[in-house]
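What follows is a single structure, written as structure tokens, with notes after it.
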Amino acid sequence: MLILLPPSEGKLAPRRGRPLDLPGLGAPELTAARERLIRALHEVSTSPGALATLGLTPGLADQLELNRSLTTAPTARADQIYRGVLYEALGFETLSPGARRRAGARVAIVSSVFGIVRPHDRIPAYRLAGGVNLPGVGPVSTYWRSHLADVVPSMLGRGLLIDLRSSTYAGFWRPPPTSKARVVTVRVLHEYAGKRAVVSHFNKATKGRLVRALLEQGETPRTPAAFAATLQRLGEQHAWVVEPGPPSPHGTVFDVIVASL
């Protein structure tokens, strides 16, 4: 089983730690692609129009320094770098030892700079959104789509992929028709006063809780039906309801309905 997560916009910038070792990251076949993107990001981040190109406001000008020092800045585990609602709800640092081992084998995080990383990969903080058109490489999502075409299936093997990415990062890799029977996507809907809607906070927090529950529980569902059954059982403990979602060309969709967190 492979659980595919989006990154977070907010990141922790480590104060100490060894510098980036690109060949030492998971999926070392991406090293050349990572090097090229880092060079392009560094060049843009030192240019006069950097803020506009990267879609940043003047108040975020200090974030450019993260990109200028990517190869020399301190690194930390990716599961410590990424912050935000989903990662706070998941709580990598408070998982049981068994769940942390499973996270290392089953979780992968899509990254605008590194393509894809595992929770234990050591990376620096950076600022690059997935929707940026980066001079030197083009649209970031398109750039990584070609490089991840073989990498994600290799990580997945013959298991089930649980795709929890946001729409922006879904463009980094799309499951081919041959594997869509082994791909599950989850849509979180907040139900209030008889109406259902996608609410960002509930979506991110519930996905974080869902991943934590899957890792702690330890089952390895191999089919969408088995995953739905597992998720429904977990819902009895975590107050969510699972329903079949709309048809999708990219895999089986399940709606997770929540009324509160």
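The stretch 187-201 and the stretch 1-48 have Cα centres lying 34 Å from one another. All Cα-Cα separations within the stretch 31-80 were binned at 5 Å from zero, giving a P(r) of 4, 19, 26, 23, 18, 8, 1, each value a whole percent of the pairs. The label-point distance for Glu243 and Thr220, in a model that sets each label 7 Å from Cα toward Cβ, rounds to 3.4 nm.
With the highest mean first, a sort of the peptides 205-217, 15-27, 133-145 on other beta-carbon atoms found within 10 angstrom per residue produces 205-217, 133-145, 15-27. Across the stretch 95-107, rounded Karplus estimates of 3J(HN,Hα) from the backbone phi angles (6.51 cos²θ - 1.76 cosθ + 1.60, θ = phi - 60°) give 5, 5, x, x, 5, 5, 5, 5, 4, x, 8, 10, 10 Hz, Gly and Pro being marked x. You can think of it this way: the chain between Thr53 and Ala13 has 12.2 nm of extra reach, that is 0.36 nm per residue less the Cα-Cα gap.
Rounding to the nearest 20 debye, state how big the charge dipole of the chain is about its Cα centre with +1 on each Lys and Arg Cβ and -1 on each Asp and Glu Cβ.
Details: 32 positive and 19 negative charges, 61 e Å.
Roughly 300 debye for the chain.
For the residue pair Asp21 and Ser154, what label-to-label distance in nm results when each label sits 7 Å from Cα along the Cα-to-beta-carbon direction? A separation of 1.9 nm, rounded to one decimal place.
The percentage of C-alpha pairs in the chain whose separation is greater than 28 Å is 34%.
Treat the count of other C-beta atoms within 10 Å as a stand-in for reagent exposure and order Lys11, Lys195 from fewest to most. The partial results should precede the final answer.
Working: Lys11 22, Lys195 8.
Final ranking by Cβ density, sparse to dense: Lys195, Lys11.
Of all DSSP-defined beta bridges confined to the chain, some 50% are antiparallel rather than parallel. Other residues lying with their Cβ under 12 Å from the Cβ of Val188 contribute a combined charge of +2, Lys and Arg counting +1, Asp and Glu -1. One decimal place: the segment Arg36-Ala259 gains 75.8 nm when fully extended, by the rule 0.36 nm per residue minus the C-alpha distance.
Could you compute the net charge surrounding Glu43? Neighbours are other residues with a C-beta less than 12 Å from the C-beta of Glu43; K and R count +1, D and E count -1.
On the way: positive: Arg36, Arg39, Arg68; negative: none.
Result for the local shell: +3.
Per residue of the chain, the DSSP helices (runs of n ≥ 4 H) give a summed -39500 (n - 2.57) that works out to -10500 deg cm²/dmol at 222 nm.
Simple rule: put +1 on each Lys or Arg Cβ and -1 on each Asp or Glu Cβ in the chain, find the dipole, and look at Thr206, Ile123, Ala27; the Cα lying farthest toward the positive end is Ala27.
Anisotropy class assigned to the stretch 210-261 is oblate, per the alpha carbon gyration tensor with a/c at or over the 1.5 cut-off and a/b no larger than b/c.
What list do you get for Thr71, Thr46 if you sort them by fewest beta carbons within 10 Å? Each step should come with its number before you reach the end.
Working: Thr71 14, Thr46 11.
Ranked by crowding around the Cβ, least crowded first: Thr46, Thr71.
All of the numbers you see were taken from the coordinates with simple rules; none came from a lab. All figures in this text were calculated on a predicted structure; none of them were measured in a lab. Note that each Cβ is placed from the backbone with ideal geometry, even for glycine, and that neighbours are counted across all protein chains shown.
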